[in-house]
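Structure record follows, encoded as structure tokens.
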Amino acid sequence: MDKKLKFSDNDVISSGYRIYNGDCIDILKKLPEKSANLIFADPPYNLQLKNELYRPNQTKVDGVNDAWDKFSTNEEYDKFTKDWLSACREVMADDATIWVIGSYHNIFRVGKIMMDLGFWILNDVQWYKTNPMPNFRGVRFTNATETLIWAKKSENQKKYTFNHQVMKQLNGGKQMTSVWQIPLCTGNERIKNEQGKKAHSTQRLEEYYGNTIH
């Protein structure tokens, strides 16, 4: 994003795209009805981390400990999820689809709420992390996957965009499977703030988003 024109306190236009900076539900309510052809949502996972996490060498793990991922109860998280998914559904065109990513902490709750709202699930895609963070205490499996739900607006929706021929080209001429091997964003790939710390705790690789939008 080389040329950025700030036209309000919260919004940025860059290379013909508009970036809205604000509460997602408030922003979605301001968008025209049925104006979105594709939605990709990376919501809070509700990780519910209670204590600090340390490696075997006693160095602290700089994990997700942001205010936006803190919910007092599962019911509060469910209400939040229902609200933003309902707002998404209002702006989705009749032939649109939505992608939602989550981990075992939240994806099952999210999937149920999506189905209750009328979404129709087309696929679940497993993101297999080729460099996952280990389970440092060794008391569980290494969590090497996250799940993406790909859904259309309703069961009766007949048309939606799926460029399967492009997907085949990207996969050596074979139909792409629902398991995608993509590494975590680490090291020099991380965007840093002025203090030299990572700008966002869950930064994704460009390859990750490239796979989901074809």
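Any idea which residue in the stretch 137-172 is nearest to the chain's Cα centre (by Cα), counting only those that are surrounded by 15 or more Cβ atoms within 10 Å (Cβ to Cβ) and aromatic (Phe, Trp, Tyr)?
Only one residue tops the list, namely Trp150.
Please verify whether the stretch 73-82 includes one or more residues that are at pLDDT 90 or above and in contact with a Leu (Cβ under 8 Å, 6 or more places away or on another chain).
Scanning the stretch 73-82, I find at least one residue that is at pLDDT 90 or above and in contact with a Leu (Cβ under 8 Å, 6 or more places away or on another chain), so the answer is yes.
Looking at the stretch 88-109, can you tell me whether even one residue there is exposed (fewer than 13 other Cβ atoms within 10 Å of the Cβ), among the aliphatic types (A, V, I, L, M) and at negative phi?
No.
Mind counting the residues in the stretch 71-106 that are touching a residue at least 60 places away in the same chain (Cβ under 8 Å) and among the acidic types (Asp, Glu)?
3
Can you pull out every residue in the stretch 128-166 that is closer than 19 Å to Gln181 by Cα and touching a His at 6+ places or on another chain (Cβ under 6 Å)?
Val166
Kindly indicate whether any position in the stretch 19-39 is modelled with pLDDT of 75 or more, among the small types (Gly, Ala, Ser) and more than 17 Å from Arg89 (Cβ to Cβ).
Yes: one or more hits.
The values are calculated or read from the model by the stated rules, or taken from the named source; none is laboratory data. Note that this is a predicted model, so its numbers are computed, not measured. Glycine also receives a Cβ, built like all others from the backbone with ideal geometry; neighbour counts cover every protein chain displayed.
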